[in-house]
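Beneath this line is the structure, given in structure tokens, with notes to follow.
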Amino acid sequence: RNDNAMLGITLVVSAMFIIACQDAITKTLSTEFSAPQILWVRYLLYLAFALAFSARKKALKDCLKSQVPLLQIARSIVIVIEIGLFIMAIRYMSLADIHALVATFPLMVTGLAALFLREPVGIRRWGAVLAGFLGVLIILRPGMIAIQPAALLALLTAAMFAGYNVMTRLVSRYDDSETSMVYMAIVGTVVLSFVGPFFWRTPSLTDWGLLIALSVLAAAGHILLIKALEAAPASILQPFNYTLLVFA
């Protein structure tokens, strides 16, 4: 596959806008429901969407034929844990504050991409990422706010999301987006099915609407992110993840 930087940038900015919308809904739901329940419903609906979406191109058995199945499973578990931690953190922090902390992940991705993916990272890319990080520091006002447990959770979320980005770029060298999407949907649903039922609380009609909207946006955002990482190197895309701060 030939790299297409402009396509990758367009896709990742679109993904950031959708992710900001889904996070606003997540914050609303987190005041009433536990993280396992939100995640379980989200993944059940995402599984149905992923299977239907991938079936347009190839059969399920073909989607499951990964060249790196263990890496696909590990990547899928990482994103489940990452989203769960994010839901826990967003309950106690404002949308802007938590994204200011999570926005440290492009720095992590750039370093990890250079280390594990052997992607070239020049001075201009480091400069763009560091300029974005300077904006994060301005938002955070270091020394003016106390570090709280939720903030530490947000930083851990950033680290896990960085790992997920690098793993997604790595698996895209071997598997197509349909395989990556189906693995993430199936693994996440199976894992959460052992946890979600123990935290169940019956949603109202309005809550169901929000849960469905969240699931649709989550699916769309992750598809765009997978396509973006297929289209261009992770280190090129990272500065544009900061658009999430504007949207949030």
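Observations on the model:
- Projecting the Cα atoms of Ser66, Met93, Thr157 onto the charge dipole of the range 38-165 (Cβ charges, centred on the Cα centre) puts Ser66 farthest toward the positive pole.
- Surrounding net charge for Leu217, when Lys and Arg each add one and Asp and Glu each subtract one, Cβ distance under 12 Å: 0
- Excluding ligands, DNA and RNA, the accessible surface per residue across the chain is 46 Å² with a 1.4 Å probe.
- Highest-first packing order for the peptide set 61-74, 219-232, 39-52, 22-35 is 219-232, 39-52, 22-35, 61-74, based on the mean count of other beta carbon atoms within 10 Å.
- Lysine pair count for the chain with Cα-Cα distance under 20 Å and sequence separation of 8 or more or different chains is 4.
- Membrane-span-like helices in the chain, defined here as complete DSSP H runs extending at least 27 Å along the helix axis by their C-alpha atoms with mean Kyte-Doolittle hydropathy no lower than 0.5, are 5-30, 35-55, 69-90, 149-171, 205-231; this is a sequence and geometry rule, not a statement about a membrane.
- Here the accessible area of the chain is 72 percent carbon and sulfur, with a 1.4 angstrom probe and all protein chains present.
- Rg/Rh (Cα only; Kirkwood hydrodynamic radius) as it applies to the range 42-118: 1.07
- Three-way shape call for the range 1-154 based on the alpha-carbon gyration tensor, with the a/c threshold at 1.5: oblate
The values are calculated or read from the model by the stated rules, or taken from the named source; none is laboratory data. Predicted model, so just to flag it, every value in this text is computed and none were measured. Using ideal geometry, Cβ is built from the backbone for each residue, glycine included, and neighbour counts are taken over all protein chains shown. Ligands, DNA and RNA are excluded from the accessible area calculation, which covers all protein heavy atoms including side chains. Shrake-Rupley method; radii C 1.70, N 1.55, O 1.52, S 1.80 Å.
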